[in-house]
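Participant: Following this message is one structure expressed as structure tokens.
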Amino acid sequence: MKFFWRARNIHRALNIIEPGRSIETILGHVFVQRSEVRSDIQKIKGYLRHEEDFSKILITGHKGAGKTTELKSFASDGWIKRRFHVGFVSGSDTGASAIKIISAILKQIKVFAQKEGFAEEVAGIDLLLSHSLGWEPTLEVSGPFPKEKVDKNIFGPAGDNSEYTLKFSRKKDGQLAGPGDVIKSISDAVDKIVAKYRFFRKKVLIIITDVDGFSLDDALKLLRDEIGLVMKAKCYAIITCPLSLTYHENWGLIKEQFAGVYHVTPFEPFPLPEQDGMFSIDKILHEQINIRLRHRTHYDDKISNGVNEIQRQMIRLKIRQLTDEIDNLKHLLLEYNFHSPGALKHHFEKYNFDEAQLRERLHITTSKKERQHILKKMKQLEREKNVLRQAIDNYENLNRIDLMRRQLGIHRDVQSHVEILLKRESSPKLLQRLQRQNRRLNDDISVLEQRVADYEALYGIITKRIHERVFESPALIDDIIIYSGGVPSEMLRLIRHCCVLYTNTHRWWESWIWFYGKITRELLGEVIERIQRTYKRVLTDERIFVLQHIRANQDYDEPLDEDFLFLVREGLIIQYGKEKDVDRWFGIHPLVEELLPGLDIEKTGGDGNVQSGDDEPGDGDIQSEGDGPDNGDDQSGGTAELAEPNDEKIAAESDTENEDDLQN
């Protein structure tokens, strides 16, 4: 594998992420494996292990989600290379013509045949391909030698001294060779290749990319009307599919013609748990603390009622254990509700202010009982300050991905405390309550684990190509990831715009020196403004109405609407998930979502014509300024002293107080 250096300056970064650059040479260094939730492509390998027919497979996914990169990584897999000759055909070269696609497949098979020593057997493929496109080759003799020396085969004369020129002319009657001739040639060539590998049955796999760039009409023409020609080719094929085709009423019929449909989806947005309101861990934490406080009060009452020395030692041990658990839970509650160093420090300063006021009262008061009460409160306040100090240490140098990992750790810690009570309690009602909490935590942990995996994948896509020192700070990488909406190509495109803008506005040599050239927040902000101005030009009233509907409902009732398809094709609307009625939903590009409040226009019934290509949005992706963690609700985590901890009573009170809040 060729050695690869990550970019350490803007000039090198621009070269690496340039759209025209071939990724095959650096794929092994920069590729980031996705989870099966985000990509089905790795499942194709398991399908091909047991498939004997020459199957054709569809790949769908949002524009820029990484389908081609995933397929190139799939083609470089060792198992695939040992069992298949893999070739790529670009739909942008062939267009929506089945005869051109199978002709391109035949060209790839000719290359495989020549590598395996079947050059003579497939010598007529070029002539056949010329005929299939309606061209007839003719020879003009230009040397004084006998005609019998001339080999009419266009691949070369038999005599060493033969001289001729090859010309092509268009036949008036169109194609000389039909699709059936090309299909037959493909089958013959594949049979010869497979015969050489009779023991390992090495077959031909053709990956047809860029078909997802076709319009809906062209995609229907190819995949509904003319796909039968491609199906007859004696080879395996993987074809990318336009996302708009999945909304069409004939999508079910198209799927039935293929052996399988696999998906590559964007990474979903990554708000911290407290930002999206989907988790109820704070309520669970409060309830866990309350239960333990009740038990501790119960054991304190037992000691005050008089017990023997052995029982007293055992009870004190349980009280110490409950106190440690309460402190740990309060610590987790503080971290959850104050999920940034700034918020924690602000709360710590508030504790210092309260402590100063208590000291003043302590100097003024003369009552012995009140002094004891103040000292007790100061001691409790100091313990809470120690908890805050530990929380601040945990968060001091964390960036967004570390915060997400810490949130995942908090959920796992809380789950362990719930499991402790599940083993300890005997009340049926309380056990039922704890089991519901445990199930809810399991669901939350699964979502958080996927979010952490998504964020790590996107972070790796950047940092495997570009060194962190090129960016002003790690937080700037977080901004770029969020502004991309989870679409990898949008993320890299934003970085490329920053690099281009820097090279255009600075001296040439500064982009070569890492400590001069950096992507800064000001540079990113200017790029965002330029892209947003481009987006504004294509947002007609009808399209704004579609965006407002998506923002409100995360779905659209008319997916074949011209404005909706335009917004999806240009990336202003992003489809997350795979299938309708399973997990599919729509989101708005973060940059466009920032614009919507200033473009609050009701639908007026305009013609909704798509504007010209000059007004189509340029390369862009981004996030909003509100990407940092918010402060959440200011919950101190304090709890009132409660009555005796009768298990049945605890369960009944817990059910009546929080039943609605903890419903799944």
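The values are calculated or read from the model by the stated rules, or taken from the named source; none is laboratory data. Predicted model only: the values in this text are computed from it and were never measured. Every residue, glycine among them, receives a Cβ derived from its backbone with ideal geometry; neighbour counts consider all protein chains shown. For accessibility, only protein heavy atoms count, side chains too; no ligands or nucleic acids. Shrake-Rupley method; radii C 1.70, N 1.55, O 1.52, S 1.80 Å.
Participant: Quick check: anything in region 69-91 in contact (Cβ under 8 Å) with a residue 12 or more places away in the chain, of a type outside the set (A, V, I, L, M, F, W, C), farther than 30 Å from Val452 by Cα and open to solvent by less than 10 Å² (accessible area, probe 1.4 Å)?
Facilitator: Yes, the conditions are met somewhere in region 69-91.
One line per residue, one yes/no per condition, for (1) within 30 Å of His286 (Cβ to Cβ); (2) surrounded by fewer than 22 Cβ atoms within 10 Å (Cβ to Cβ); (3) without any contact (Cβ under 8 Å) to a residue 40 or more places away in the chain; (4) hydroxyl-bearing (Ser, Thr, Tyr):
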{"position": "Gln390", "(1), (2), (3), (4)": "yes, yes, no, no"}
{"position": "Arg406", "(1), (2), (3), (4)": "yes, yes, no, no"}
{"position": "Asn438", "(1), (2), (3), (4)": "yes, yes, yes, no"}
{"position": "Gln450", "(1), (2), (3), (4)": "yes, yes, no, no"}
{"position": "Ile466", "(1), (2), (3), (4)": "no, no, no, no"}
{"position": "Arg496", "(1), (2), (3), (4)": "no, yes, no, no"}
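Participant: Sort out which residues of region 417-436 are open to solvent by 50 Å² or more (accessible area, probe 1.4 Å) and small (Gly, Ala, Ser), and write them in order of number. Quick ask: steps written out before the conclusion?
Facilitator: Of region 417-436, the ones open to solvent by 50 Å² or more (accessible area, probe 1.4 Å) are 419-420, 423-424, 426, 428-429, 432, 435-436.
Scanning region 417-436 gives a single hit, Ser426.
Participant: Now a separate question. If Ile239 meets every condition in (1) more than 18 Å from Phe564 (Cα to Cα); (2) assigned to a helix (DSSP H, G or I) apart from one, which number is that one?
Facilitator: For Ile239, the failing item is (2).
Participant: Oh, and also: Considering (1) within 29 Å of Ser244 (Cα to Cα); (2) surrounded by fewer than 20 Cβ atoms within 10 Å (Cβ to Cβ), say which one Ile26 fails and leave the rest.
Facilitator: Of the numbered conditions (1) within 29 Å of Ser244 (Cα to Cα); (2) surrounded by fewer than 20 Cβ atoms within 10 Å (Cβ to Cβ), the odd one out for Ile26 is (1).
Participant: Further question on the same structure: Given (1) free of Cβ contacts under 8 Å to residues at least 24 places away in the same chain; (2) in contact with a helix residue (DSSP H, G or I) (Cβ under 7 Å, 6 or more places away or on another chain); (3) of a type in the set (Asp, Glu), identify the lone condition not met by Glu360.
Facilitator: So the condition that Glu360 fails would be (2).
Participant: Now for a different question. Go through region 10-22 residue by residue and tally those that are open to solvent by less than 30 Å² (accessible area, probe 1.4 Å) and not in a helix (DSSP H, G or I).
Facilitator: 1
Participant: Taking only region 38-55 into account, find how many residues are buried (at least 22 other Cβ atoms within 10 Å of the Cβ) and over 17 Å from the mean Cα position of the chain (by Cα).
Facilitator: 1
Participant: Within region 509-529, is there a residue that is farther than 22 Å from Thr463 by Cβ, surrounded by 13 or more Cβ atoms within 10 Å (Cβ to Cβ) and of a type in the set (Lys, Arg)?
Facilitator: Checking region 509-529: not a single residue is farther than 22 Å from Thr463 by Cβ, surrounded by 13 or more Cβ atoms within 10 Å (Cβ to Cβ) and of a type in the set (Lys, Arg).
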